[in-house]
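Asks: What follows is a single structure, and I will ask about it in a moment.
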Amino acid sequence: MVLAGLVFLDLLVYFVLVAPSGALLSAHEATYSQLRKQQAAAILFKKQRPLFAGIMAGIPAQKDMPILVKEYVQAAKRLNLTVAAVNYDMPKRGSGELAMLAFSFPAEGRYPDIKRLIYDVETSDRLIGIQDLKLETEKGRVKLNMKLMTYVKEQ
């Protein structure tokens, strides 16, 4: 009878105290794991914050757009390419916001020179991308019409 009472008491302690604490432990471990992931993300963001500041510093201002276009025109001319008129319109936006600016860049010349210009644009240190690219040939000359895009900030 004493042995049966001890077994009953043991089962009672197990189901009342031990089993619920195992489920509670699993819930706390899941919460702890989630908090550790959030902390790791916060630490990573804190380390990368100076890099974001560097990116913002590399975005050209509206007043720098003629200089940016001139750099690419000079690069094309160094590659013996003929550049037609480059067109761009400054977007309207609120103060302090970034705006995407797309502009056309038509050039004409030999295929290897066109290919090199495209490579130079793609590997540029500037934050600029090729949005659209069209090539046509006429009498051994290649006509390139590139649509470039960048972001501009208000100065």
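Asks: Hydropathy at least 0.5 by Kyte-Doolittle, axial extent at least 15 angstrom from the Cα trace: which helices of the chain, defined as entire DSSP H runs, fit?
Replies: Within the chain the helices that satisfy the rule are 2-13.
Asks: Would you mind telling me the antiparallel percentage of the DSSP bridges in the chain, rounded to 5?
Replies: Looking only at bridges with both residues in the chain, the antiparallel portion is about 95 percent.
Asks: Also, quick follow-up: Cut-off under 28 Å on the C-alpha distance; same-chain residues fewer than 8 positions from K47 excluded. Which lysines are left, in chain and number order?
Replies: K37, K153
Asks: Give me Rg over Rh for the chain, both radii from the alpha carbons and Rh done the Kirkwood way, two decimal places.
Replies: Rounded to two decimals, Rg/Rh equals 1.51.
Asks: How do the peptides 72-81, 55-64 rank, highest first, by the average count of neighbouring beta carbon atoms within 10 Å per residue?
Replies: In descending order of packing, they fall as 72-81, 55-64.
Asks: Using unit Cβ charges (K, R positive; D, E negative) and no other charged atoms, how large, in debye to the nearest 20, is the dipole of the chain about its Cα centre?
Replies: For the chain, the charge dipole is close to 620 debye.
Asks: Along the charge dipole of the chain, Cβ charges K/R +1 and D/E -1, which of L24, L68, L98 sits furthest on the positive end?
Replies: The one lying farthest along the dipole's positive direction is L68.
Asks: So, one more: Report the Cα centroid-to-centroid distance between segment 69-129 and segment 1-51 in angstrom, as an integer.
Replies: 58
Asks: If you consider only alpha-carbon coordinates, what radius of gyration and Dmax does segment 12-101 have, in Å?
Replies: Gyration radius and largest Cα-Cα distance of segment 12-101: 28.4, 90 Å.
Asks: With the radius of gyration and the Kirkwood radius both derived from the Cα set of segment 1-58, what is their ratio Rg to Rh?
Replies: Radius of gyration relative to Kirkwood radius: 1.59.
Asks: How much net charge surrounds T82 when only other residues with a Cβ under 12 Å from its Cβ are counted (Lys, Arg +1; Asp, Glu -1)?
Replies: +2
Asks: At 222 nm, what helix-only mean residue ellipticity would the chain give, in deg cm²/dmol to the nearest 500, using -39500 (n - 2.57) for each DSSP H run of four or more?
Replies: Calculated mean residue ellipticity at 222 nm is -17500 deg cm²/dmol.
Any read-out appearing in this document is the output of simple, stated calculations on the displayed coordinates, not a laboratory observation. Computed from a predicted structure; not experimentally measured. Counting neighbours? That spans all protein chains shown, and the Cβs are built from the backbone with ideal geometry, glycine included.
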